[in-house]
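The values are calculated or read from the model by the stated rules, or taken from the named source; none is laboratory data. This is a predicted model, so every value here is computed, not measured. Note: ideal-geometry Cβ built from the backbone for every residue, glycine included; neighbour counts use all protein chains shown. Please note that ligands, DNA and RNA were not included when accessible areas were found on the heavy atoms of the full protein model with its side chains. Shrake-Rupley method; radii C 1.70, N 1.55, O 1.52, S 1.80 Å.
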Amino acid sequence: LGCLAVDRPVALGLGARTALRLVPQQGAPRDLTYAELAAATNRFANALASLGIGRGDRVFVLAGRSAALYVAVLGSLKNGSVVTPLFSAFGPEPIATRLGIAQAKVLVTTEVLYRRKIEKQRDALTSLQHVILIGETGSPTAVPGTLDHETLMTAASDAPPAVATQAEDMALLHFTSGTTGTPKGAIHVHGAAPTHYATGRYALDLHDDDVYWCTADPGWVTGTSYGILAPLMHGVTSIVDEAEFDAERWYRILQEQQVSVWYTAPTAIRMLMKSGAEIARKYSFPKLRFVASVGEPLNPEAVWWGKDVLGLPIHDNWWQTETGGIMIANT
């Protein structure tokens, strides 16, 4: 999965194309090309290997939408490890429950999230061998019992890791939300790649020159399958908004980044509807070609709102954490 999402586009001559455009809370967007992403994910895979983490070992990633999160997920896949992105808004108990169920060996997170949600219960997480902290200030972290992400990445080689995964090897471990009891882990294998590719092509209509925005957090299955894997497999440019929801900001991103395919959720659409159409009418979206929604039933009013405000109807999808990819779609 990792190689198909990153190395294959480079091999097809797309190395100089922007893979991820990271839009910060403030300031100018930062682009990461496919070639840069390939080198960074190789470094992360080799850094894991240097720690003795290998095929089948569980790596959890708990962080906001940043380049480091995407690199950790894809690098873990390249290493043959099993990766679980976690929703950064989870509290200490849901995080500990998932780490315990999976017997996680590595946690990649930030210093702030570690101190708030992990540090006090670290001793109870007996399987956890390494905590890698992503620096948020530009200087190395120095928290006892942790490793500094930047130091590990600097020391690691960017040569492709010598790991050959098989179709039935475990790749991703996603957890259900836990609303009906203890969260359940859903295993997905590297052989899921054709589903990610095909649904990106036929359900989301991804084309080679698209600018694509999936608003789902990578801590949920949509944000992994269609925020990381599917768009990269198609060689498109993905928008990554590092800030929280704000209606006017979202409209500005759609306009300024010239988004052509937008994948979001009914909850977000309802929040946009509540903010009023007059905000949307301050912006224009001439490049927007296709809008899709997933996560819960899409009410008819939202579909017609899309037609009225965006100029496009919103198309519904259905699938689940357990399926890992879109099963039913209005194309």
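Considering only region 226-235, I want to know if a residue exists there that is free of Cβ contacts under 8 Å to residues at least 12 places away in the same chain and not aliphatic (A, V, I, L, M).
Scanning region 226-235, I find no residue that is free of Cβ contacts under 8 Å to residues at least 12 places away in the same chain and not aliphatic (A, V, I, L, M), so the answer is no.
Of all residues in region 139-182 being surrounded by fewer than 17 Cβ atoms within 10 Å (Cβ to Cβ), small (Gly, Ala, Ser) and closer than 23 Å to PRO218 by Cβ, which is modelled with the highest pLDDT?
Across region 139-182, the extreme among qualifying residues is SER177.
If we scan region 47-69, do we find a residue that is acidic (Asp, Glu), touching a Lys or Arg at 6+ places or on another chain (Cβ under 8 Å), crowded, with 17+ Cβ neighbours inside 10 Å and touching a residue at least 24 places away in the same chain (Cβ under 8 Å)? Before the answer, list the steps.
So in region 47-69, the residues acidic (Asp, Glu) come out as 57.
Adding the requirement that they be touching a Lys or Arg at 6+ places or on another chain (Cβ under 8 Å) leaves 57.
The next check asks that each one be crowded, with 17+ Cβ neighbours inside 10 Å; those that pass are 57.
Now drop any that are not touching a residue at least 24 places away in the same chain (Cβ under 8 Å), which leaves 57.
Yes, region 47-69 contains at least one residue that is acidic (Asp, Glu), touching a Lys or Arg at 6+ places or on another chain (Cβ under 8 Å), crowded, with 17+ Cβ neighbours inside 10 Å and touching a residue at least 24 places away in the same chain (Cβ under 8 Å).
So which of GLY185, GLY200 ends up being among the small types (Gly, Ala, Ser) and either over 15 Å from PRO85 (Cα atoms) or open to solvent by less than 20 Å² (accessible area, probe 1.4 Å) (or both)?
Only one candidate qualifies: GLY200.
Are any residues in region 252-272 over 21 Å from the mean Cα position of the chain (by Cα) and buried (at least 21 other Cβ atoms within 10 Å of the Cβ), and if so, which ones? Let's see the steps before the verdict.
Step one: list which residues in region 252-272 are over 21 Å from the mean Cα position of the chain (by Cα), which gives 252, 255-256, 270-272.
Listed by number, the list holds a single entry, LEU272.
Go through region 188-197 and report how many residues are in contact (Cβ under 8 Å) with a residue 24 or more places away in the chain and out of contact with any His (no Cβ under 8 Å at 6 or more places or on another chain).
Of region 188-197, the ones in contact (Cβ under 8 Å) with a residue 24 or more places away in the chain are 188, 190-193, 195-197.
Among the residues that remain, those that are also out of contact with any His (no Cβ under 8 Å at 6 or more places or on another chain) are: 190-193, 195-196.
Final tally of qualifying residues: 6.
How many residues, within region 311-331, are surrounded by fewer than 19 Cβ atoms within 10 Å (Cβ to Cβ) and on the phi < 0 side of the Ramachandran plot?
Keep residues of region 311-331 that are surrounded by fewer than 19 Cβ atoms within 10 Å (Cβ to Cβ), which gives 311-313, 316, 318, 320-323, 327-331.
After this cut, where a residue has to be on the phi < 0 side of the Ramachandran plot as well, the list is 312-313, 316, 318, 320-323, 327-331.
Looking only at that region, the number is 13.
Conditions (1) modelled with pLDDT of 95 or more; (2) part of a helix (DSSP H, G or I), marked per residue:
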site	(1), (2)
GLU278	no, yes
VAL291	yes, no
PRO297	no, no
VAL303	no, yes
ASP308	no, yes
HIS315	yes, no
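Could you tell me which numbered condition PHE44 fails, if it satisfies all but one of (1) touching a helix residue (DSSP H, G or I) at 6+ places or on another chain (Cβ under 9 Å); (2) open to solvent by 10 Å² or more (accessible area, probe 1.4 Å); (3) under 17 Å from PRO85 (Cα atoms)?
Among (1) touching a helix residue (DSSP H, G or I) at 6+ places or on another chain (Cβ under 9 Å); (2) open to solvent by 10 Å² or more (accessible area, probe 1.4 Å); (3) under 17 Å from PRO85 (Cα atoms), PHE44 violates only (2).
Among the residues of region 4-11, is there at least one that is more than 19 Å from the chain's Cα centre (by Cα), at pLDDT 95 or above and open to solvent by less than 60 Å² (accessible area, probe 1.4 Å)?
yes
Could you list, in sequence order, all residues of region 70-87 that are open to solvent by 30 Å² or more (accessible area, probe 1.4 Å) and within 19 Å of ASP148 (Cα to Cα)? Step through it out loud before you land on a result.
Initially, region 70-87 is screened for residues open to solvent by 30 Å² or more (accessible area, probe 1.4 Å), giving 87.
Matches in region 70-87: none.
In region 204-253, which residues are on the phi > 0 side of the Ramachandran plot and touching a Leu at 6+ places or on another chain (Cβ under 9 Å)?
Here is the first cut: in region 204-253, the residues on the phi > 0 side of the Ramachandran plot are 205, 235.
Result: GLY235, single match.
Being assigned to a loop (DSSP other than H, G, I, E, B) and among the hydroxyl-bearing types (Ser, Thr, Tyr): is that true of THR151 here? Quick ask: steps written out before the conclusion?
On the way: assigned to a loop (DSSP other than H, G, I, E, B): no; among the hydroxyl-bearing types (Ser, Thr, Tyr): yes.
No: the conditions fail for THR151.
Looking at region 205-218, which of its residues are in contact with a helix residue (DSSP H, G or I) (Cβ under 9 Å, 6 or more places away or on another chain) and outside any strand (DSSP E or B)?
The first filter runs over region 205-218 and keeps only residues in contact with a helix residue (DSSP H, G or I) (Cβ under 9 Å, 6 or more places away or on another chain), leaving 206-208, 210, 212-218.
Those that are in contact with a helix residue (DSSP H, G or I) (Cβ under 9 Å, 6 or more places away or on another chain) and outside any strand (DSSP E or B): LEU206, HIS207, ASP208, ASP210, THR215, ALA216, ASP217, PRO218.
Scan region 194-226 residue by residue and report those that are in contact with a strand residue (DSSP E or B) (Cβ under 6 Å, 6 or more places away or on another chain) and over 18 Å from MET327 (Cβ atoms).
ASP210, VAL211, TYR212, TRP213, THR215, PRO218, GLY219
Can you name every residue in region 112-128 that is under 23 Å from the mean Cα position of the chain (by Cα) and open to solvent by less than 70 Å² (accessible area, probe 1.4 Å)?
Within region 112-128, VAL112, LEU113, TYR114, LYS117, ILE118, LEU128 meet the criteria.
Could you look through region 203-228, keep only residues that are over 23 Å from PHE175 (Cα atoms) and of a type in the set (Asp, Glu), and pick out the one that is least open to solvent (accessible area, probe 1.4 Å)? Full working, then the answer.
Kept after step one, since they are over 23 Å from PHE175 (Cα atoms), are these residues of region 203-228: 203-213.
Retained after the next criterion (residues that are of a type in the set (Asp, Glu)): 205, 208-210.
Details: ASP205: 47, ASP208: 82, ASP209: 125, ASP210: 7 Å².
Here the residue is ASP210.
Please indicate, with yes or no, whether at least one residue in region 232-246 is surrounded by fewer than 24 Cβ atoms within 10 Å (Cβ to Cβ), more than 19 Å from the chain's Cα centre (by Cα) and either outside any helix (DSSP H, G or I) or not basic (Lys, Arg) (or both).
Looking through region 232-246, at least one residue is surrounded by fewer than 24 Cβ atoms within 10 Å (Cβ to Cβ), more than 19 Å from the chain's Cα centre (by Cα) and either outside any helix (DSSP H, G or I) or not basic (Lys, Arg) (or both).
So in region 91-111, with the set limited to residues that are of a type outside the set (Asp, Glu) and open to solvent by 30 Å² or more (accessible area, probe 1.4 Å), which one is nearest to GLY227 (Cα to Cα)? Working first, answer last.
First pass over region 91-111, keeping only residues of a type outside the set (Asp, Glu): 91-92, 94-110.
Filter once more, so that each one left must be open to solvent by 30 Å² or more (accessible area, probe 1.4 Å): 92, 94, 97, 100-101, 103, 105.
Numbers: PRO92: 25, PRO94: 23, THR97: 25, GLY100: 26, ILE101: 25, GLN103: 26, LYS105: 25 Å.
Here the residue is PRO94.
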